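Enquirer: One structure is given below, represented as structure tokens, and several questions about it will come after.
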Amino acid sequence: MKNNYLLIHGSFRNPFVNWIPWLRGEIENRNLEVYTPDFPTGLGYQTYNNWSNLLNSYVTAKILNKNTIIFAHSIAPVFICKFLIQNKIKVKRLIFV
């Protein structure tokens, strides 16, 4: 199974700002599989449960797995660590910015 990449934006942002579009382009240029979920943001929406619900769809689709390399920004590293531990999911690599 090939590696895939998951790029996770930070607090009150989206996957269309900062360095995420650039990195997505670099990964796509190498014909690799990359995902940039658009997590709910804003007061009352940016919660662990809301973010978990979205990320669970990636687990169900078998996108998030032992071959996944995750880049996470801002508050996302804390979220990812908690999510992976609580769900006993192993990934290939974590890169936190």
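Derivation of every value follows stated rules applied to the coordinates shown; laboratory data play no part. Computed from a prediction, not measured in an experiment: that's the story for all the values here. Note that we place each Cβ from the backbone using ideal geometry, even for glycine, and neighbour counts take in every protein chain shown.
Enquirer: Tell me, what is the FRET efficiency for Lys90 and Asn53 to the nearest 0.05, using R0 = 22 angstrom and their Cβ-Cβ distance as r? Let's see the in-between values first.
Expert: On the way: r = 21 Å, r/R0 = 0.96.
Taking R0 as 22 Å, the efficiency between Lys90 and Asn53 is 0.55.
Enquirer: Looking at the square roots a ≥ b ≥ c of the eigenvalues of the Cα gyration tensor of segment 37-76, which shape do they give, rounded for a/c under 1.5, prolate if a/b is larger than b/c, or oblate?
Expert: Oblate shape, in that a/c is at least 1.5 and b/c is the bigger or equal ratio.
Enquirer: Separate question: In whole percent, what relative contact order does segment 4-96 give with Cα contacts below 8 Å and a gap of six or more residues?
Expert: Once normalised by length, the contact order is 35 percent.
Enquirer: From the alpha carbon gyration tensor of segment 4-96, can you work out the equivalent ellipsoid semi-axes (sqrt of 5 times each eigenvalue) and give them in Å, largest to smallest? Walk me through the numbers before you get to the answer.
Expert: Working: eigenvalues 73, 58, 24 Å².
Whole-Å semi-axes of the equivalent ellipsoid: 19, 17, 11.
Enquirer: Can you tell me which of 69-76, 16-23, 43-50 comes out highest on packing, and rank the rest after it, using the mean Cβ neighbours within 10 Å?
Expert: 69-76, 16-23, 43-50
Enquirer: Hey, what number do you get for the chain at 222 nm if only DSSP H runs of n ≥ 4 count, each worth -39500 (n - 2.57), divided across all residues, to the nearest 500?
Expert: Per the formula, -10500 deg cm²/dmol.
Enquirer: Moving to a separate point now. From Cα coordinates alone, what are the radius of gyration and Dmax values for segment 53-94 in angstrom?
Expert: Here Rg and the maximum Cα pair distance are 9.6, 26 Å.
Enquirer: What is the list of residues in segment 57-97 whose amide nitrogen lies under 13 Å from a point 7 angstrom out from the Cα of Thr41, following Cα to Cβ?
Expert: 73-76
Enquirer: Along the Cα→Cβ direction, 7 angstrom out, place labels at Ser11 and Asn65. What is the inter-label distance in nm?
Expert: In this crude label model, Ser11 to Asn65 measures out at 3.5 nm.
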